[in-house]
Amino acid sequence: MAKPRKPKNEDAKPENSGAVVRHQKLCLSIDIYKHQIYGYTELEIAVPDIGIVGLHAENIGIESVFVDGEATEFEYYPHQQQNVDSEKRWSSVTSPSSAADAAGAVYLSALERERVPNLLINCCKAFRIPNEVQEVVNLENGLPFSGEPKQNVKLVRINYWVEKAETGIHFDNEVVHTNNQIRRARCWFPCMDEGFQCCCYDLEFTVAHNLVAVSTGSLLYQVLSKDDPPRKTFVYKLDVPVTAQWISLVVAPFEILPDPHVGIISHLCLPSNLSKLRNTIKFFHNAFNHYEEYLDAKFPFGSYTQVFLAPEMIVSSTNLGASMGVFSSQVLYDETIIDQAIDTSIKLAFALAKQWFGVYVTPEEPNDELFIKKFLGNNEARYRRFKANCAVCKADDSGVTALSSSPSCKELHGTHRIGLYGKIRSWKSVAILQMLEKQMGPEFFRKILQKVISRARDTIPIRSLSTKEFRHFATKVGNLERPICERIFPAVGLLLWMSSAKVYGLMGFSYNKRKNMVELAVLREFTAAPDANASFLNPDSENREGDIGWPGMMSIRVYELDGMYDHPVLPLAGEMWQLLEIQCHSKLAARRFQKPKKSSKPDGFDENGDVPASDMRSSLESPLSWIRADPEMEYLAEIHFNQPIQMW
């Protein structure tokens, strides 16, 4: 048994360069009453030439390490012991401002340290080239055989235990569950806890006979031991390569409710919530089938499991793993509750969408709008989009990291995806996709998503999506012509690269009765300047100085007595101050002149125009019912429209 070692010089530790995990197996026994897990993990690793493999492990006791069945040397550096630098920073605190600076520096330093592998395994000894391979000779020219080089793949076994864990895995009475917060998979099993390391998994969990172990992948079988008292082993297999972040485990005395409509879906909860669970999941098969129909593909994993736990037990209200989701039982409701049904349906549909875009295909592409619009109605979808856009415009003000700013995201080590800023980023991402969907049309946008999924299922799968690739799909699949792409994608680029990119508009109008026109005055501002890095979105365009704004025209919707009319007349580039004239289609019937009563004119109406003084008259009537700017919410815009109360 090896004790943790204190590093002499952290900078001297070799990084995990070139090592690739091909497959990983977990065999763990969970003791709920002792708050302990113990067992082993086996990793098939392509070892780099240096012969050293670096893994991530935290709060773990390493008992022994074997490479191809032979014991080997290893070094383990727990990050908790590396607090000398932190103590130096805190010792220099003299004021509240310096305390804030020190806290930020300590936090960033801890995040930086977590990126470095701290379990180093020597794989050199077991590497021997067989004699028969060395003797292979090309008989034609007498030179050694020059085929493809054989990779040095090793089977690394680590026997370990976790006791009284503080993070990553949590014990609460008869419930054990993990969470997939940033770099927390390493807290319950050694792994390469990095975003680019994906592999398939075999998972075996042994628990008390009265408990159920739910994990990532498809359940193959269960084995009941002959021990006294007996224990049960649950065996899972995940055939789709994922990162360690998406491996999840929940153990509890669950009630299992198979979905009556889709055989690969299971719902689990604690016994006290079974009746609410039956009522809550009635809709779920609609969302599941709709996603498969919309994307023209089967669910990427062999099964899908939803687990509901008491809110005081879980770290966050939603915790996702590959092929499973863990939710707070607060989302469950009985048949007497109506209001909560919409919120719960959206939350579960959003989690299911992230299985497609987020777990299976990366980076995430929020896709929950599909379900909301079809099954909860267009009004509900538009209302939620309006609220999200308002939240983005108010919160996204020089404080939220830009979506595609690689340098800033790297400095934050993934923390930009959590908390309030994470929600803002998600809402902003949805807004950008909806802008593109509006420009290319729903069907063409759907074909792009289908293309992304289909290539992820190819013989050589591609399960990532870049902005450059998406632009290519927009022209080839989405039927966007090149001039349109050159007009649209710079705007999308500004949204991606700016932390506070939005349109601000102040509008007011006057109705000219003589001309039967609406005179619309607009003050338009754009809250961010283009970034030099955004030029990659449009490589054919040249950086040119000029007015900052969006390409395209914003629509003004006028609802008149004879109907509703859209006028795409407001340019989002050019002069900040603009005066527009919108021709009305409806006309008022002529009436005899009546002497106006002594009262003030209503706000927003001006019948003077070019009418001579002798013909001026006051009237409360006009052919206008109401006016809206950007009615389809095509832009991230904060618009203040001054119009009479009755028109709102």
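Values quoted throughout were computed directly from the atomic coordinates according to the rules given, and no laboratory measurement underlies them. In this text the structure is predicted, and so the values were computed from the model without any measurement. A quick note on method: Cβ atoms are made from the backbone with ideal geometry, for glycine too, and the neighbour counts reach across all protein chains shown.
Numerical summary
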{"item": "Table column - 3J(HN,Hα) (Hz), segment 45-58, Karplus curve with 6.51, -1.76, 1.60, x for Gly and Pro", "result": "10, 7, 7, x, 4, 5, x, 10, 10, x, 10, 9, 8, 9"}
{"item": "Above-threshold pairs, the threshold being 29 Å between Cα atoms, out of K154/K226; K164/K282; K354/K476; K354/K468; K438/K468; K394/K476", "result": "K154/K226; K164/K282; K394/K476"}
{"item": "For segment 239-253 and segment 294-330, distance of Cα centres in Å", "result": "11"}
{"item": "V153 long-range amide H proximity, modeled H, under 5 Å", "result": "V47"}
{"item": "Additional length obtainable on full extension of the chain from S466 to H285, 0.36 nm per residue less Cα span", "result": "62.1 nm"}
{"item": "Segment N378-N173, extension gain: residue separation times 0.36 nm, minus the distance between their alpha carbons", "result": "69.4 nm"}
{"item": "Distance in nm between pseudo-label sites at Q450 and L257 (7 Å out along the Cβ direction from Cα)", "result": "3.4"}
{"item": "Under 5 Å, built H, 5+ apart or other chain: amide partners of R22", "result": "E44, I45, A46"}
{"item": "Order by protection proxy (mean Cβ within 10 Å, highest first), peptides 92-103, 328-339, 464-475, 235-246", "result": "235-246, 464-475, 328-339, 92-103"}
{"item": "Approximate spin-label separation D343-W161, in nm, with each point projected 7 Å along Cα-to-Cβ", "result": "4.4"}
{"item": "Peptide ranges 428-441, 257-270 listed from the most packed, as the mean C-beta count within 10 angstrom indicates", "result": "428-441, 257-270"}
{"item": "Amide H contacts of F254 (H built 1.01 Å from N, under 5 Å, at least 5 apart or other chain)", "result": "V212"}
{"item": "Additional length obtainable on full extension of the chain from T336 to M553, 0.36 nm per residue less Cα span", "result": "73.4 nm"}
{"item": "Cut-off 15 Å (backbone N to label point 7 Å along Cα→Cβ of S272), residues of segment 310-330", "result": "310-314, 328-330"}
{"item": "Inverse mean reciprocal Cα-Cα distance (Kirkwood Rh) of segment 150-301, Å", "result": "17.8"}
{"item": "Cut-off 9 Å between beta-carbons: net charge of the residues surrounding L55, Lys and Arg +1, Asp and Glu -1", "result": "0"}
{"item": "Inverse mean reciprocal Cα-Cα distance (Kirkwood Rh) of segment 237-375, Å", "result": "15.3"}
{"item": "Segment 243-250 - phi-based ³J(HN,Hα) in whole Hz, Karplus 6.51/-1.76/1.60, Gly and Pro as x", "result": "7, 4, 4, 8, 8, 10, 8, 9"}
{"item": "R0 of 56 Å, Cβ-Cβ distance Y107-Y565: FRET efficiency to nearest 0.05", "result": "0.55"}
